[in-house]
1. In the range 45-58, what residues are of a type in the set (A, V, I, L, M, F, W, C) and in contact with a helix residue (DSSP H, G or I) (Cβ under 8 Å, 6 or more places away or on another chain)?
2. How many residues does the range 97-136 hold that are in contact with a strand residue (DSSP E or B) (Cβ under 7 Å, 6 or more places away or on another chain) and of a type outside the set (Lys, Arg)?
3. Does the range 17-32 contain any residue that is under 24 Å from GLN138 (Cα atoms) and either in contact with a helix residue (DSSP H, G or I) (Cβ under 7 Å, 6 or more places away or on another chain) or touching a residue at least 60 places away in the same chain (Cβ under 8 Å) (or both)?
4. Just one of ARG94, ARG99 is at positive phi, among the basic types (Lys, Arg) and surrounded by fewer than 20 Cβ atoms within 10 Å (Cβ to Cβ); which is it?
5. If I go through the range 75-88 residue by residue, how many of them are touching a Phe, Trp or Tyr at 6+ places or on another chain (Cβ under 8 Å) and either over 12 Å from ALA54 (Cα atoms) or not acidic (Asp, Glu) (or both)?
6. Here is a list of conditions, (1) within 21 Å of the chain's Cα centre (by Cα); (2) among the aliphatic types (A, V, I, L, M); (3) not in a strand (DSSP E or B), and MET34 meets all of them except one; can you say which number that is?
7. Before we move on, is LEU73 at pLDDT 95 or above, among the aliphatic types (A, V, I, L, M), under 15 Å from ILE14 (Cβ atoms) and surrounded by 20 or more Cβ atoms within 10 Å (Cβ to Cβ)?
8. Looking only at the range 10-19, decide whether some residue is on the phi > 0 side of the Ramachandran plot and part of a loop (DSSP other than H, G, I, E, B).
Amino acid sequence: NQKGENVICIYVAIGQKSSSVASVVRTLEEAGAMDYTIVVNASASDSSTLQFLAPYTGVTMGEFFRDNGKHALIIYDDLSKHAVAYREMSLILRRPPGREAYPGDVFYLHSRLLERAAKMSDEKGAGSMTALPIIETQAGDVAAYIPTNVISITDGQIFLETNLFNSGIRPAINVGLSVSRVGGAAQIKATKQVAGTLKLSLAQYRELEGVWHNSHQDLDEATRRELELGQR
C-alpha cells in the first residue's frame with residue numbers, strides 16, 4: 001500500500017523458511033512492489049550470527065534513505081527469532097543466562113534497534129523511518145518476556161489472534177489487546193469518539209461471549225442485544 005507514496009520499503013526476514021521468503025518476494029513482484037522494496041534475508045538454515053546481524057543491516061539501509069531526506073518503512077519478521085538467535089550466541093559464549101535463558105541485555109538488543117526509527121527535522125532533510133516489528137507469541141501469550149519488551153518500546157501493537165482467523169474474521173485483530181498510543185493524537189475528534197465507542201462495544205461483546213459459552217444459561221434481553229451488536 002506504499003505504491004506511489006515515495007516510500008522505500010525494507011523487509012527483513014529473520015529465521016524464516018526460504019520458501020516463505022520466496023513466496024513473499026513473489027507476491028511483491030506480482031504487485032510491482034519490488035521497484036521500491038529491499039529484502040534482507042537470514043533464513044532458518046543460516047547461522048545464528050547472520051540472523052543476529054540481519055535487522056541491523058536492514059536498519060542501516062533505512063537510515064541511509066532517512067538521512068538523505070527520503071521516507072523509509074522497515075519490517076522486522078520477526079524479532080522473537082532474532083532474540084532466539086542472540087540467546088544461542090550468548091549461551092555459546094557462556095554469558096550468564098537470565099529469564100527464559102535470555103541474556104540480561106536482551107531488552108537493549110531490541111531498544112537500540114527500534115529507537116533508530118525517527119523523523120528528522122527540516123534542517124536535517126525532513127526524512128523519516130518507520131519500524132514495524134513482528135513478534136510471534138507462544139499460545140497467544142502477550143505477557144511473555146520478549147513480547148512485553150517490544151511492546152514497551154513501540155508506540156502501540158496490533159494483536160492478531162488465531163481463533164479469530166479460524167472463525168473467518170480477516171484481519172484477525174483482537175481489538176481489546178491492540179493499542180495505539182499515538183493514534184488518538186492523529187485522529188479528528190469525531191473519529192476518536194466513534195472508535196472509542198466501537199472498542200467498548202467489542203470489548204463487552206468478547207466478555208459476554210465468553211461468559212455465555214461457559215455457562216450456557218438463558219440470556220436476558222439486554223445481554224442478548226449486546227451480543228447481537230457485537231456480532232454485527
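The values are calculated or read from the model by the stated rules, or taken from the named source; none is laboratory data. Since the structure is predicted, the reported quantities are computational estimates derived from the model, not experimental observations. All Cβ positions, glycine included, derive from the backbone under ideal geometry; neighbour counts span all protein chains shown.
1. PHE52, ALA54
2. Number of matching residues: 14.
3. No, that holds for no residue.
4. None of the others qualify; the one that does is ARG94.
5. 6
6. It is condition (1) that MET34 fails.
7. Criteria not met by LEU73.
8. Yes, the range 10-19 contains at least one residue that is on the phi > 0 side of the Ramachandran plot and part of a loop (DSSP other than H, G, I, E, B).
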